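Report on the structure given below.
The values are calculated or read from the model by the stated rules, or taken from the named source; none is laboratory data. Just so it is clear, the structure is predicted and the values come from calculations on it, not from any experiment. Positions of Cβ are generated from backbone atoms using ideal geometry, with glycine treated the same way; all protein chains shown enter the neighbour counts. When the accessible area is computed, the model is the full protein with side chains, heavy atoms only, and any ligands, DNA or RNA have been set aside. Shrake-Rupley method; radii C 1.70, N 1.55, O 1.52, S 1.80 Å.
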Amino acid sequence: MDTLSDSLLLGLDDLVADVSHARRSEDLGRLALLCYCELRPWARCAREERLAELAWALNTRAPPASRALFLQRIDIVIQELADICRRSGRTATAESLLAARRH
């Protein structure tokens, strides 16, 4: 992966904070909005195609049959976001993001 610019790293930190908060509170609407309107565009700018595709698919596939299934899909997106954090040297940020899933 190419090194992320300072502005992309700041954007990553902001996204992690927003996603962590929404996941902890299980705010499904906010999570869907973050994926489509913020996470996907950021991922495309950062050339993180897997994250962009996961965020896109979350909003364009058939809606999940249950709240639990939606959260499982979000957790896959969160795992990919955490992997990007680790690759960018933001290990503590990745751990805090993953902790939001266990809350």
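Taking first residues from the range 30-47 that are closer than 13 Å to ASN59 by Cβ and partners that are open to solvent by 20 Å² or more (accessible area, probe 1.4 Å) and among the acidic types (Asp, Glu), the Cβ contacts under 6 Å between residues at least 6 apart in sequence or on separate chains come to LEU34/ASP18. Taken over the range 81-93, the residue count meeting the criterion of being in contact (Cβ under 8 Å) with a residue 24 or more places away in the chain and buried (at least 18 other Cβ atoms within 10 Å of the Cβ) is 6. Within the range 19-53, being at pLDDT 95 or above, open to solvent by 50 Å² or more (accessible area, probe 1.4 Å) and touching a helix residue (DSSP H, G or I) at 6+ places or on another chain (Cβ under 7 Å) holds for ARG24, ARG30, GLU38, ARG44, CYS45, ARG50.
In the range 56-68, the qualifying residues are those that are part of a helix (DSSP H, G or I) and under 16 Å from ASP27 (Cβ atoms), and the one that is most open to solvent (accessible area, probe 1.4 Å) is ARG67.
Within the range 53-103, the set of residues being over 16 Å from LEU4 (Cβ atoms) and among the β-branched types (Val, Ile, Thr) comprises THR60, ILE74, ILE76, VAL77, ILE78.
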